[in-house]
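Colleague: Quick one: structure below, then a few questions.
The values are calculated or read from the model by the stated rules, or taken from the named source; none is laboratory data. All of these numbers come straight from a predicted model, not from anything done at the bench. Note: ideal-geometry Cβ built from the backbone for every residue, glycine included; neighbour counts use all protein chains shown.
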Amino acid sequence: MSSEEFQTISEKLTKEPPLGELGGKLAGLSLPKQVLVLALWPFLQNLMGVGVGFADMMIAGRMDKGESGEAIMDMIGASMYLMWLLMILQGAMGTGAMALVSRSTGARDMKSANLALGQSLLLGIGTGFISGVLIWLIVPHMGQFFGLSDLAQKYLTNYMRMGCLLAPFSGVLFVASSCLRAYGDTMKPFWSMFLVNLVNIGASLYFVYELGWGLKGLAAGTVIGWGSGAVLILWFLRPNSKIRQQAGGDVPLELRAGNLRYDIPMLRRIWNVSWPSMIEIMGMWSVHAVGVYFIGRMGAGMMGAHAMVIRLESVSFMPGFAVGMAASTLTGQYLGAKNPEMAKKAVRLCWLFAIVAMGGTGLLVSIFNTEFLALFGDPSSEQFQIAAPVIRVVGLMQAVNATMMVMKMSMRGAGDTRTVTVYSFISMGLIRVGLLWALMKWFDLSLLGIWLVMMVDVVVQCIIFVKLHLKGDWLKREV
């Protein structure tokens, strides 16, 4: 063997991690450190994401009092579900992109990873545009479904007709963030969402209080915030020679013009992973909409109380979702590296972390529910009094919610989105639709009663997905 051949082989061995180990930003780290690296910045990003909703609700809760104030809070409750519907399609594209990029990164095939990035961004922008048009058309007709007063319906139309303009920006941000996290870079999505939050709060306060735009100003601030975040994350993904040098000559995750030309085979691969997730999330939205329909029939003000519970429950979701994202990324990368045993160990460690973090945060929300409610306005009002006992119960259930979340997200990271969709549908359909409908028909359920039914669904799904995890078929999924 010549000295040149020996040097070539030595360089290759030192450059590439052994088979079964991760490369890139996770190379050489222990499993707990990998989870920490992947979860820390998403946790802070989720904090920023939840902050957008909190900021809007805090500003809206102080706009007016009496009937108008109650109508504004009901409008906020309805708008949360419409915003969720707005982002379903691009969120599903992000799931498919994450599975493809994490597998390719784990296999050290950055050409495929960058192609998946470009193609998924096309899908994110396209689906964002479709969602925005859909919401624009249906929002004037949603008041009756949500049980809103005429005043609340007027507020909802004004708010959402402006807010739906953010859809293409959220498509970019969802997909690009998913791809970066799958690559192992969780810091850039955080800074992008930080900018969203910063611009949203500043612009909303200026439009609402300085220009007197009211709810349109609140929505306009949100649109500008998401647009700013989309621009920043695209800037992060630009081809950069310095980043390439820092990667030791390896090709980093970057967005090149050539990867934005339609590539049918890659689009098909992304779509094959994405569409079951899209069906699942659409089903989740539809099932939740059934509950919202029943809540809307309970009278004015109830939708606002329900919105407060959701906002406070989202506080406990922040650490749990961050750890779930780490589980999803590590699952995809370890399976791409042909190491299913480490994929399984990573999920179980994330499971433990999520139970501790999400369960502990839920306990704090449950104990200090009144103090948290005070963030949204006067906690002595009827809406707040209805929400308080619900928050106390829901907070105590977050450890179970954490288990369900990590199990499902890890299976999505493996690309097994169809199994997640099927079992989620079965549980939600039987409990959140069938059981809830029967109980609403025969009993006079309160808001707390409706939430208890939803918690039963969480427990059932928790049991189902733990059993599926232990069975291990998700480790064999091809994408």
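Colleague: State all residues of the range 443-452 that are more than 14 Å from Ile386 (Cβ to Cβ) and at pLDDT 90 or above; if no residue qualifies, say none.
Modeller: The one that is more than 14 Å from Ile386 (Cβ to Cβ) and at pLDDT 90 or above: Leu452.
Colleague: If you check Met308, Met278, Met298, Met284, which single one turns out to be closer than 30 Å to Phe368 by Cβ and either buried (at least 20 other Cβ atoms within 10 Å of the Cβ) or in contact with a Gly (Cβ under 7 Å, 6 or more places away or on another chain) (or both)?
Modeller: Met308
Colleague: Among the residues of the range 123-140, is any touching a residue at least 60 places away in the same chain (Cβ under 8 Å), of a type outside the set (Ser, Thr, Tyr) and more than 23 Å from Ser204 (Cα to Cα)?
Modeller: Yes: one or more hits.
Colleague: Do we have any residue at all in the range 194-208 that's closer than 26 Å to Asp109 by Cα, surrounded by fewer than 19 Cβ atoms within 10 Å (Cβ to Cβ) and under 17 Å from the mean Cα position of the chain (by Cα)?
Modeller: No: the range 194-208 contains no residue that is closer than 26 Å to Asp109 by Cα, surrounded by fewer than 19 Cβ atoms within 10 Å (Cβ to Cβ) and under 17 Å from the mean Cα position of the chain (by Cα).
Colleague: Something else now. Which ones in the range 77-96 are farther than 23 Å from Ala60 by Cβ and either in contact with a Leu (Cβ under 6 Å, 6 or more places away or on another chain) or modelled with pLDDT of 85 or more (or both)?
Modeller: Met93
Colleague: Out of all the residues in the range 63-71, is one or more in a helix (DSSP H, G or I), modelled with pLDDT under 70, farther than 30 Å from Ala327 by Cα and out of contact with any helix residue (DSSP H, G or I) (no Cβ under 8 Å at 6 or more places or on another chain)?
Modeller: Taking every residue of the range 63-71 in turn, at least one turns out to be in a helix (DSSP H, G or I), modelled with pLDDT under 70, farther than 30 Å from Ala327 by Cα and out of contact with any helix residue (DSSP H, G or I) (no Cβ under 8 Å at 6 or more places or on another chain).
Colleague: Report the residue count in the range 140-161 for those that are at pLDDT below 80 and either touching a strand residue (DSSP E or B) at 6+ places or on another chain (Cβ under 8 Å) or charged (D, E, K, R) (or both).
Modeller: Result for the range 140-161: 0.
Colleague: Find the helices (runs of 4 or more DSSP H) located wholly in the range 351-436 whose residues include 1 or more that are touching an Asp or Glu at 6+ places or on another chain (Cβ under 7 Å) and of a type outside the set (Ser, Thr, Tyr), and list them.
Modeller: Passing ranges, in order: 382-396, 417-428.
Colleague: Of all the residues that make up the range 145-160, how many are out of contact with any Asp or Glu (no Cβ under 9 Å at 6 or more places or on another chain), more than 28 Å from Ser277 (Cβ to Cβ) and surrounded by fewer than 20 Cβ atoms within 10 Å (Cβ to Cβ)?
Modeller: Here the count works out to 4.
Colleague: Here's another thing I want to ask about it. Which of the residues spanning the range 455-479 are surrounded by 15 or more Cβ atoms within 10 Å (Cβ to Cβ), modelled with pLDDT under 90 and in a helix (DSSP H, G or I)?
Modeller: Trp474, Leu475
Colleague: OK, next. Would you mind finding the one in Lys344, Lys338 that is part of a helix (DSSP H, G or I) and among the basic types (Lys, Arg)?
Modeller: Only one candidate qualifies: Lys344.
Colleague: When you look at Ile224, is it crowded, with 17+ Cβ neighbours inside 10 Å and under 18 Å from the mean Cα position of the chain (by Cα), yes or no?
Modeller: Taking the combined requirement at face value, the residue does not satisfy it.
Colleague: Can you name the helices (runs of 4 or more DSSP H) wholly within the range 209-312 that have at least 3 residues being at pLDDT below 85 and over 25 Å from Lys188 (Cα atoms)?
Modeller: Answer list for the range 209-312: 264-296.
Colleague: Just one of (1) in contact (Cβ under 8 Å) with a residue 60 or more places away in the chain; (2) over 29 Å from Asp416 (Cα atoms); (3) not aromatic (Phe, Trp, Tyr) trips up Ala220, so point out which.
Modeller: The number of the failed condition is (1).
Colleague: Could you check, for the range 113-123, whether at least one of its residues is out of contact with any Leu (no Cβ under 7 Å at 6 or more places or on another chain) and surrounded by fewer than 16 Cβ atoms within 10 Å (Cβ to Cβ)?
Modeller: Within the range 113-123 (the criterion being out of contact with any Leu (no Cβ under 7 Å at 6 or more places or on another chain) and surrounded by fewer than 16 Cβ atoms within 10 Å (Cβ to Cβ)), the answer is no, since none of the residues qualifies.
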